[in-house]
Amino acid sequence: MANDNVVVKLESKEEYENYLSNEELTAVYYSSENCGVCQSMKPRVVDIAETNGLPIREISINDLREIAAQQLILKSPTIVIYDRGREILRSSGFIDLNRLNEQIGRMIS
């Protein structure tokens, strides 16, 4: 597993936009601090991303409500994978980790 599954949190709209524009394939994990499922899924999702070499960042939908609304994040947790800033995959709620791993693996290869 990854190093305690620490994921960098994006703290502003500018950080978010820079992150999406500076990478080809990227992932954003949208979560809420008071969401138990978010907290329990995060280490697994981060591990899958890191194992596949996919950059991942986290956004608190509580702190960055504007981005969550813009991206139509209606449930948490939600992981969205972007290709040069364009959404190509989304999974929300109880994320199927095996399926997520397979999908990311296909995108990376």
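Remarks
- Listed values for the range 64-79 are Karplus-derived 3J(HN,Hα) couplings in whole Hz (6.51 cos²θ - 1.76 cosθ + 1.60, θ = phi - 60°), namely 10, 4, 4, 5, 4, 5, 4, 8, 6, 7, 9, 9, 10, x, 9, 10, and x replaces Gly and Pro.
- Over all other residues within a Cβ to Cβ distance under 14 Å of residue 66, the charged ones net out to -3, with Lys and Arg as +1 and Asp and Glu as -1.
- By the count of neighbouring beta-carbon atoms within 10 Å, fewest first, 96, 83 end up ordered 96, 83.
- Pairwise centroid distance, computed over Cα atoms, of the range 1-59 with the range 88-104, Å: 13 Å
- GluC sites (Glu not before Pro) within the range 21-95: DSSP coil, no more than 13 neighbouring Cβ in 10 Å: 24, 33
- Environment charge of residue 32, counting only residues whose C-beta is closer than 12 Å and scoring Lys/Arg +1, Asp/Glu -1: 0
- Length gained on full extension, residue 18 to residue 88, computed as 0.36 nm times the residue gap minus the Cα-Cα distance: 23.4 nm.
- Qualifying aspartates and glutamates (Cα of each under 20 Å from Cα of residue 13; at least 8 residues distant if same chain): 23, 24, 33, 58, 63, 66, 83, 87
- Charge tally in the Cβ shell below 12 Å around residue 15, where Lys, Arg are +1 and Asp, Glu are -1, residue 15 excluded: -2
- Debye log10 I(q)/I(0) at q = 0.16, 0.18, 0.23 Å⁻¹ for the chain, Cα point scatterers: -0.64, -0.83, -1.45
- In straight-distance terms, cross-link reach from residue 42 covers every one of the lysines whose alpha-carbon lies under 19 Å from its own, apart from those fewer than eight places away in the same chain; here that gives 9, 75.
- Computed extension gain for residue 102 through residue 33, at 0.36 nm per residue and net of the alpha carbon distance, reaches 22.1 nm.
- Helix-only mean residue ellipticity at 222 nm for the chain, each DSSP H run of n ≥ 4 adding -39500 (n - 2.57), per residue, nearest 500: -12000 deg cm²/dmol
- Where both bridge residues fall in the chain, DSSP classifies roughly 65% of the beta bridges as antiparallel.
Just so you know, all these numbers are worked out from the coordinates, no wet-lab data involved. The model shown is predicted, which means the values in this text are computed figures rather than measured ones. Cβ coordinates were reconstructed from backbone atoms using ideal geometry, including for glycine residues, and neighbour counts include every protein chain displayed.
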